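None of the figures in this text is laboratory data; all of them are computed from the coordinates on show. For clarity, every value in this text was computed on a predicted model and none was experimentally measured. Neighbour counts are summed over all protein chains in view; Cβ atoms, including those assigned to glycine, are modelled from backbone coordinates with ideal geometry.
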Amino acid sequence: MPKTAVQFREEAEFLRESSGSNIEKTLIKAVKVLALFQVPHYVCGGFAVQEHGYRRLTVDVDIIVPDVDFAREKLCMNGFRENVGSKTTVTDKDVNVEVSLLPGGSELPMQVSDKQQIQPLQSLISSELSTYMDRGIKRAQDYADVVELIQANSLPLEFAVPPGVLELYQQKWDALHAS
């Protein structure tokens, strides 16, 4: 029987606390700044993967926003510093955790909230597979994330992912269930 979202969250929080990570502190701070300036967001990447059931370490925060430049500007005015040479990352001045700001692509966040808005599982799997398809071995962690998310959530072969990643998703599902 698959675990519940509450169980996944508790396990993710335990992992972050036991590893001494400050990513949750940074995420809370960033989300409050974004809400102050009416910027909707999705938390994606390793943090979202943890929240959806795959217990793995991550050292940064990834956030999808509709306007990366606007979000970056507002964060830099409120406790974050620019990262030289990057137009998409900032660093929390207090705990030195990096935040990557990512464009929304086809699934833009719509809701403004001062609470973490975790990227929905279907969208997360789609973006992880798309990134892996685009960048290959350089994004092997994205591939591993999808494999672990399929297992942790007992996802079906017919899980509703977009057509552009459906074949790859089904190949991964078939490989997991072959033995």
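Numbers below:
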quantity: Rg followed by Dmax, in Å, when the stretch 120-179 is reduced to its Cα trace; calculated: 10.5, 29
quantity: Angle between the chain longest axis and helix 140-152 axis [Cα atoms, degrees, rounded to 10]; calculated: 60
quantity: Simple Cβ-charge dipole of the stretch 36-160, Lys/Arg +1 and Asp/Glu -1, about Cα centre, in debye nearest 20; calculated: 180
quantity: Length added when fully stretched, Ala160-Arg135, from 0.36 nm per residue minus Cα-Cα; calculated: 6.7 nm
quantity: Calculated P(r) of the stretch 1-150 - Cα pairs past 26 Å, %; calculated: 22
quantity: Summed side-chain charge close to Val147 - residues other than Val147 whose Cβ falls under 15 Å, Lys, Arg +1, Asp, Glu -1; calculated: -1
quantity: Difference of contour (0.36 nm per residue) and Cα-Cα distance, Val147 to Lys87; calculated: 18.5 nm
quantity: Computed Kirkwood radius, in angstrom, where 1/r is averaged over Cα pairs of the stretch 33-112; calculated: 13.0
quantity: Charge sum, other residues only, whose C-beta stays under 10 Å from Ala48's C-beta, Lys/Arg counted +1 and Asp/Glu -1; calculated: -4
quantity: Cross-link reach list, lysines versus Lys74, counting only Cα pairs under 24 Å and skipping chain neighbours closer than eight places; calculated: Lys25, Lys29, Lys32, Lys87, Lys93, Lys115
quantity: Helix 163-176 vs. the chain, principal-axis angle (Cα, 0 to 90°, nearest 10); calculated: 60
